[in-house]
Amino acid sequence: MRHDIDNNNIAAAESVRDYLAGQERKSLLRFLTCGSVDDGKSTLIGRLLSDTKQIFEDQLATLERDSRKHGTTGDDVDFALLVDGLEAEREQGITIDVAYRFFSTPTRKFIVADTPGHEQYTRNMATGASTADLAIVLVDARQGILAQTRRHSIIASLLGIRHIVLAVNKIDLVDFDQAVFDTITADYADFAKDLGFASIVPVPISARYGDNVARRSERIDWYSGPTLVEQLEAVVVDDAAAEMPFRFPVQYVNRPNLDFRGFAGTIASGSVSQGDEVVVAKSGKASRIKRIVTQGGDLESAVAGQAVTLVLADEVEISRGNMLVAPNARPHVADQFAANLVWFNEHALLPGRSYLLRTETDQTSATVTELKCRINVNNFAREAAKSLEMNEVGICNISVQAPIAFDSFADNRTSGAFILIDRVTNATVGAGMIVHALRRADNIHWQSLDVDKNERALAKNQRPAVFWFTGLSGSGKSTIANLFEKKLHASGKHTYILDGDNVRHGLNRDLGFTDEDRVENIRRVAEVAKLMSDAGLIVIVSFISPFRAERRMARELMPKGEFIEVFVDTPFEECAKRDPKGLYAQALAGKLKNFTGVDSPYEAPESPEIHLKTLGKSPEMMVETLDDWLRQRDSAEQQYDNGGGI
Amino acid sequence: MLARLTHLDRLEAEAIHIFREVAATFSKPVMLYSVGKDSSVLMHLAMKAFYPAKPPFPFLHVDTTWKFREMIEFRDAMAEKLGFDLIVHINEEGVRDGINPFDSGSNTHTHIMKTVGLRQALDRYGFDAAFGGARRDEEKSRAKERIFSFRDAQHVWDPKNQRPEMWKIYNTRVAKGESIRVFPLSNWTELDIWQYILQEDIPIVPLYFAKERPVVERDGMLIMRDDERMALKPGEKIDHRMVRFRTLGCYPLTGAIESGADTLEGIVSEMLVARTSERQGRLIDRDEAGSMEKKKREGYF
Ligand SMILES: Nc1nc2c(ncn2[C@@H]2O[C@H](COP(=O)(O)OP(=O)(O)O)[C@@H](O)[C@H]2O)c(=O)[nH]1
């Protein structure tokens, strides 16, 4: 008996887990319904909820009771009452505020924002539209396109919605007439042609009776397109945020103790991995991602939409409102920009007045310096205006007290948006979509005030290094060094070669070949190499540098990892045979004193970073060895960083 | 190719974002901890949002003195285990006046012990933001509420005059005495909650699981007699039945359902076939049409 129950439980557990796994695979679509009052928005949502089995029995019972009391549908259930949740709404029979509803079909989960149709509640419609990816624009088949249809479509377009379903509703009341549908469809297409929608799909429906909502209607046999639900399931919403440049608005600095300093926020776009280089948008300071912290453990990488805590490799100054960004695709940092503005408040927008401007995490004072025009939301025409009244839309220039980091809204819906707040009442008075930065402020990336080695290197997009070539005269140092420099140069690196012979003609003209002079020779060259690497360069030193002690001295001058000893290992016999400058012959004949390998020792490196055995190989092959080493260093370092955080 | 975020991933990230936003912008936030499953999820998300730090705000439980005993045990155990700062507030005036769900009526009891109690606590400590676990799918007026829901100095919600809430840019500004109720779970459905509890292995009060419990049938509901204070009316008798709770509040006001579901999977599978919405188990919502909205306007969560 007990045994049976267990088995049943296990079977149930498995099927529930299967079911939930299936739920997990579903994608999410957020959409809104909009259109004029009485076009049937609430009815449509009630229909969607009921036909996708989201309404519970007790809700249905309440609904039937309320329908008799307030309903407008005679004896039928008035679905509108299901969503008009506020007392004032039920009494007045209108939708005042946006309601969020949830339903799912076998392939998708949906969050619906049911938005009000009255012009006076446009701000509530905008609230619903701001987080939606698709809009169902409802039209009453008897009325056709109304002012409110156009207003909502324009606001949807301004707020970045790219997909429209044009639901021609109450088709039952026009005898399912195709001509009516065709006319409305054509009117809308004509009106919306400049609104930048990626798709407009017209569907003839009856929300009240359910035709073409979740169920294909036989009464509309001339229509062969998708039903409303089919279209909602099928529409492909760009999931491009992850592919865009990295943007991480810093929300909160998490500093529980002196050993941990993390920057918490939600990735607005792009992705980030441990070891990635990032730049602080406002200061231009660069660092690397050391850890991506979550409670469940550190992540290797994270994408747009994830809320994470980033730990950087360096102590850089960052506070809330700043942004961590991709070094090679930075946002604007500016204090003036042009924006589209929707006004929400009964007190009109006043150019010159100070408001608070808030982006996702930043806040500063702002004034509208110039109201360029008002957009007529009936025909999209631009009209001159001195102020913006409630529910009006305009284009303006805005000046902020402190520069903010942003993208254009067209490029990035998260980093291109802001709201305006009244300083006295704290009301949210407007919403803005940035069009572009203004000239004066345009494209100046703020360089950090103290230009240091890091900044210099960053400007060159490289890591400074000193490649120290050591080896006998004629071993091939200069040939290989020259080739290597060409290769680096070709890939955009900034380099410089310090060659023994050249330096001895200038800087070290006063030095001979005694041991003391050799030491001083190396010391000077090492100091120069250090200055150059501090300037951000990749320096290639090509010196015989026969003594270990001096090479060690040079190594110790540079930061760890920056001195790369390259042993150009060519046997004495081979060098003497090549003898490009005839020096070996002279030395061997005793005419040249203190010649390395002849009467002055060469102390071969014990553990050079790179050991080039040149015998039988071409200089090109040696350069490839150098290249391979560089590549390995870079990927090894990432691995080191990955482990280093734990 | 980077992994796509699932539906739950997105909801989780949204909630974490909201937690951090409040911590970054308010001077004295608090989390309303009601000990129910939504509170458990909320607490779990708060721990995630600030890891490796602890949530930088206390948890407040408004105890009506009529909560299930198991809720109180669970509450204290969780506070101990997770190490958060727990404030328990009881409306002492209400206790002194002998307010209780039986003689005072469910409405008065809830209003005084819960709504007024909450207002007292918020005023006493001067909290300017309070997290709650309400979801938009629970009830019609909640479906209309903002994530950041403004309250005036009298804690009143004005549903006809809510602030627009654009994108994830929240207006967190309040004047002295005003406050904001914040609902990180706004966009979660009941199924999402259970799915998340299952996925994250979140501890919940055992009352959610079916067990044999002493219940009395009253007003069409199964009420568990959790202590001696509940007197039996003539004709009433105590039955021991396999029951569980879909929602938890004051025990005399919370209806149990008969069920054999003693695992999370069992609960979810029962829920999937259930055709009754969750608040049905609460007496207060049925008192009058629009009752929840009314309570919310008065400052109820
Ligand atoms: N005949 C018919 N009536 C409809 C249809 N859709 C909505 N209605 C009615 O139109 C009226 C307004 O609908 P409602 O949903 O409240 O519109 P809203 O203001 O856009 O939310 C109500 O009386 C509905 O019953 C439809 O497809 N056919």
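If you go through the stretch B:44-95 and keep only what is within 14 Å of chain A (Cβ to nearest Cβ), more than 17 Å from B:Phe127 (Cβ to Cβ) and either outside any loop (DSSP other than H, G, I, E, B) or of a type in the set (Lys, Arg) (or both), you end up with B:His44, B:Leu45, B:Met47, B:Lys48, B:Ala49, B:Phe50, B:Lys54, B:Leu82.
Being under 30 Å from B:Asp227 (Cα atoms) and crowded, with 18+ Cβ neighbours inside 10 Å is a property that B:Ile197 has.
Quick one: is A:Asp6 at pLDDT 75 or above, assigned to a helix (DSSP H, G or I) and more than 16 Å from the ligand (Cβ to nearest atom)? Against the criterion (at pLDDT 75 or above, assigned to a helix (DSSP H, G or I) and more than 16 Å from the ligand (Cβ to nearest atom)), A:Asp6 does not qualify. Of all residues in the stretch A:594-637, how many are outside any loop (DSSP other than H, G, I, E, B) and in contact with a helix residue (DSSP H, G or I) (Cβ under 6 Å, 6 or more places away or on another chain)? The number of residues fulfilling the criteria is 6. Which condition from (1) in a strand (DSSP E or B); (2) closer than 30 Å to B:Glu14 by Cβ is the one that A:Val368 breaks? Every condition holds for A:Val368 apart from (2). In the stretch A:131-160, the residues that are closer than 23 Å to A:Gly305 by Cβ form Cβ pairs under 6 Å with partners that are of a type in the set (Lys, Arg), at six or more places apart or across chains, as follows: A:Thr131/A:Arg30; A:Ala132/A:Arg30; A:Asp133/A:Arg30; A:Gly160/A:Arg413. Checking each residue in the stretch A:213-223 for being more than 10 Å from the ligand (Cβ to nearest atom) and within 25 Å of A:Lys53 (Cα to Cα) picks out A:Ala214, A:Arg215, A:Arg216, A:Ser217, A:Glu218, A:Arg219, A:Ile220. When the stretch A:376-392 is examined, which residues are found to be surrounded by fewer than 22 Cβ atoms within 10 Å (Cβ to Cβ) and either touching a residue at least 60 places away in the same chain (Cβ under 8 Å) or of a type in the set (Val, Ile, Thr) (or both)? A:Asn378, A:Asn379, A:Phe380, A:Met390, A:Asn391, listed by residue number. Counting only strands (runs of 3 or more DSSP E) wholly contained in the stretch A:189-303, the ones carrying 3 or more residues that are closer than 25 Å to A:Phe406 by Cα and touching a residue at least 12 places away in the same chain (Cβ under 8 Å) occupy A:247-249, A:252-257, A:260-266, A:271-273, A:277-280, A:286-293, A:301-303.
Scanning the stretch B:131-188 for residues that are part of a loop (DSSP other than H, G, I, E, B), more than 27 Å from A:Ala156 (Cα to Cα) and more than 9 Å from chain A (Cβ to nearest Cβ) yields B:Gly132, B:Gly133, B:Ala134, B:Glu138, B:Asp152, B:Ala153, B:Gln154, B:His155, B:Val156, B:Trp157, B:Lys176, B:Gly177. The residues listed here are A:Leu32, A:Leu86, A:Leu138; of these, the one that is at pLDDT 85 or above and farther than 20 Å from A:Tyr209 by Cβ is A:Leu32.
The values are calculated or read from the model by the stated rules, or taken from the named source; none is laboratory data. The structure displayed is predicted, hence computed values, not measured ones. When we count neighbours, we look across all protein chains shown, and the Cβ atoms used for this are built from the backbone with ideal geometry, even at glycine.
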